[in-house]
């Protein structure tokens, strides 16, 4: 069931051509591996009285360990598997995409012992017998539910609450109206209570996840575009704004007083891509980056590349080719227009800019722009994954 | 990917004292019904402890040891405000560097409080530079590294014993005195349906009895003919049957605490049946359904006869006083739905 979302192979349902293509979830995990993370959480341990003590750094310019947070005391010499389980436990119910953990063996944090990304693969020992021994020995609390290890918010958003099956395996971004279970027919957007509850939970987790992060030291070999990818804050805030544009007063649809505050929404917006692309240079970089994908397709069809296997009825090959070239050109233009429009969204929502409100008043256009945006993010992941694969030895 | 751990035979760590049973006290074991997803009371506690382990808790209470000058004594102090040392409180004083005494004192210090999201830190110094032990507030964590000899020594030398009654820091147990025999009953409400708790001495179900008594009290005027009716007889009857059926109980498991002296729960249910508008008495001791419902079901003879059959079976069990089963609960639910549908159809027709 849930393993569908972490394994490498795509499902046979969604993959029409037989050549092996890793699933989008796997690609997402690969590009956010520890070496491409831009933020970090720092842990270190010391040993005294034959006990290992695990600490978390809460600010960089600290002078003594009393300023750090004590996470746990474990008997015996340091055991990395135990320390990793403790780190996993200490960060449960947080969304930590793009953040890595680092374990050091000294107070000054100069001896790096291990690092990895926040997910079940990097944090849980692969030695099942040892894992079982740790669980039985009661040294450290072991979280046993898959949703406890949900540091990307994917298990919570992509698994049907009724039958516990993954909704679909090629849809990475969380858009409630697309979440429909193939197995039991449950549709998230039809169940308003469950949907708004989920959004509230995710928002509060996002806001809580911001504590004790530090930027990584060396960012030179990390592509800049990775900072533009997120699969949770953007769709969450987009959904809420879509609701507002549909005419639902926020207080009525979300119980503004309970669990979700204006501050949560603002924080979420600041974490989303809308806040980043309002800066012209980032916006243009984003357009350039995604446009390479469209350009590739356009030149592919222009220069006589092979056509899709499914033919278009009533046309010959040349007309089909011409149609596809135009179609991709249109899509590229639409992407550029929509990005220009969405670049003002953060300023408009936060009330910084009052003049440009009219263009957002049409909710359907805005929602269309957002769903196209979701596709474009997946395109970016694809491009970055190819870059990462190319860079691998 | 890694398989997540699913072990059935996981046990709580050993502790040097005898703890009350994980299920609860003075319960009829055969009547207990586990909640959805629970395997045993012990498993539920193990899972809870793993889920809310000290490293995942946001808050902590810092206790520290302070040696007395020129004396072989140590104070255990609680740092109430980390920035203002003068507000620290002394929790206890003991001889030497006795960690066993310190941990028991920490537990007794917070006895009776609800501490699920708070961990305890025991440090050598006030600043927390040298932590000695950390744990969650529960007997298994507070009694870690303590031997039975320590317990005996502390009890004999200082009269210091763990206040186990008050060490239910996660609020696992719900307590009540049996209304019939006065025996103290407690049940692990994280693991069991509390309505399934039954006194092992007299057979009364204390939690169910109290809740149902209050429900029946609202419908009392239907039986006595005095006072203002709040709940209709049908609603009270079917809800009660549903409730009793879900935990396989009968009217003899209920105590009369909320009802007048001359009306036993059994008489009460019989009285409600007599006053029912849904189930009207018919010849030969049988019951017929109300005309509204019959009209509604007139098109479908099969379902009509099925509903009448089920209703008669239910009425018979009510007259016998139980015990009710899942089937009776399902029948009660069905009758409620049928009545609701019939009334809705009638409303639309008018």
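The values are calculated or read from the model by the stated rules, or taken from the named source; none is laboratory data. These numbers come from a predicted model, not from an experiment. Cβ placement follows ideal geometry from the backbone for every residue including glycine, while neighbour counts extend to all protein chains displayed.
Worth a mention:
- Criterion applied to B:188, B:171, B:200 was being under 22 Å from residue B:47 (Cβ atoms), touching a strand residue (DSSP E or B) at 6+ places or on another chain (Cβ under 8 Å) and in contact (Cβ under 8 Å) with a residue 40 or more places away in the chain, and the one residue passing it is B:188.
- Any hit, region A:151-169, residues being closer than 30 Å to residue B:12 by Cβ and exposed (fewer than 15 other Cβ atoms within 10 Å of the Cβ): yes
- Residue satisfying condition, being free of Cβ contacts under 8 Å to residues at least 60 places away in the same chain and within 15 Å of residue B:331 (Cα to Cα), within set B:222, B:290, B:280, B:236: B:236
- Scanning region A:113-128 for residues that are within 11 Å of another protein chain (Cβ to nearest Cβ) and either part of a helix (DSSP H, G or I) or touching a helix residue (DSSP H, G or I) at 6+ places or on another chain (Cβ under 9 Å) (or both) yields A:119, A:120, A:121, A:122, A:123, A:124, A:125, A:127, A:128.
- If you go through region A:97-128 and keep only what is at pLDDT below 90 and under 28 Å from residue B:48 (Cβ atoms), you end up with A:119, A:120, A:121, A:122, A:123, A:124, A:125, A:126, A:127, A:128.
- Residues (under 18 Å from residue A:111 (Cα atoms) and either in contact with a helix residue (DSSP H, G or I) (Cβ under 8 Å, 6 or more places away or on another chain) or in a loop (DSSP other than H, G, I, E, B) (or both)) located in region A:47-57: A:52, A:54, A:55, A:56, A:57
- Residue count for region B:304-324, restricted to those that are surrounded by fewer than 16 Cβ atoms within 10 Å (Cβ to Cβ) and under 24 Å from residue B:246 (Cα atoms): 6
- Residue in region B:86-95 that is surrounded by fewer than 20 Cβ atoms within 10 Å (Cβ to Cβ), in contact with a strand residue (DSSP E or B) (Cβ under 9 Å, 6 or more places away or on another chain), in the same structural domain as residue B:153 (by TED's automatic domain parsing) and at pLDDT below 90 present: yes
- Residue selected from region B:161-180 under the condition closer than 24 Å to residue B:259 by Cα and surrounded by fewer than 16 Cβ atoms within 10 Å (Cβ to Cβ), by the criterion nearest to the chain's Cα centre (by Cα): B:175
- Residue A:205 modelled with pLDDT of 80 or more, out of contact with any helix residue (DSSP H, G or I) (no Cβ under 6 Å at 6 or more places or on another chain) and under 18 Å from residue A:154 (Cα atoms): yes
- If the condition is being part of a loop (DSSP other than H, G, I, E, B), surrounded by fewer than 21 Cβ atoms within 10 Å (Cβ to Cβ) and more than 9 Å from chain B (Cβ to nearest Cβ), then region A:71-95 contributes A:76, A:77, A:78, A:79, A:94.
- Wholly enclosed helices (runs of 4 or more DSSP H) of region A:262-333 bearing at least 1 residues modelled with pLDDT under 85 and more than 30 Å from the chain's Cα centre (by Cα): A:280-302
- Within region B:309-350, tally of residues that are over 18 Å from residue B:267 (Cα atoms) and free of Cβ contacts under 8 Å to residues at least 12 places away in the same chain: 8
- Region B:257-274: number of residues that are surrounded by fewer than 18 Cβ atoms within 10 Å (Cβ to Cβ) and in a loop (DSSP other than H, G, I, E, B): 6
- With respect to (1) surrounded by 16 or more Cβ atoms within 10 Å (Cβ to Cβ); (2) more than 21 Å from residue A:36 (Cα to Cα); (3) away from chain B (no Cβ under 14 Å), the lone exception for residue A:173 is condition (2).
- Within region A:60-70, if we keep just the residues that are touching a strand residue (DSSP E or B) at 6+ places or on another chain (Cβ under 8 Å) and within 8 Å of chain B (Cβ to nearest Cβ), the residue that is nearest to residue A:131 (Cα to Cα) turns out to be A:70.
For every residue, the table says whether it meets (1) closer than 18 Å to residue B:35 by Cβ; (2) assigned to a helix (DSSP H, G or I); (3) not assigned by TED's automatic domain parsing to the domain that holds residue B:343.
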| position | (1), (2), (3) |
| --- | --- |
| B:174 | yes, no, yes |
| B:190 | yes, no, yes |
| B:217 | no, yes, no |
| B:230 | no, no, no |
| B:236 | no, yes, no |
| B:239 | no, yes, no |
| B:255 | no, no, no |
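- Some residue of region B:31-50 being in a strand (DSSP E or B), in contact (Cβ under 8 Å) with a residue 24 or more places away in the chain and over 23 Å from residue A:69 (Cβ atoms): yes
- Checking each residue in region B:51-85 for being in contact with a strand residue (DSSP E or B) (Cβ under 6 Å, 6 or more places away or on another chain) and under 30 Å from residue A:145 (Cβ atoms) picks out B:54, B:55, B:57, B:59, B:60, B:61.
- Summed over region A:137-170, the residues that are free of Cβ contacts under 8 Å to residues at least 60 places away in the same chain and part of a loop (DSSP other than H, G, I, E, B) give a count of 12.
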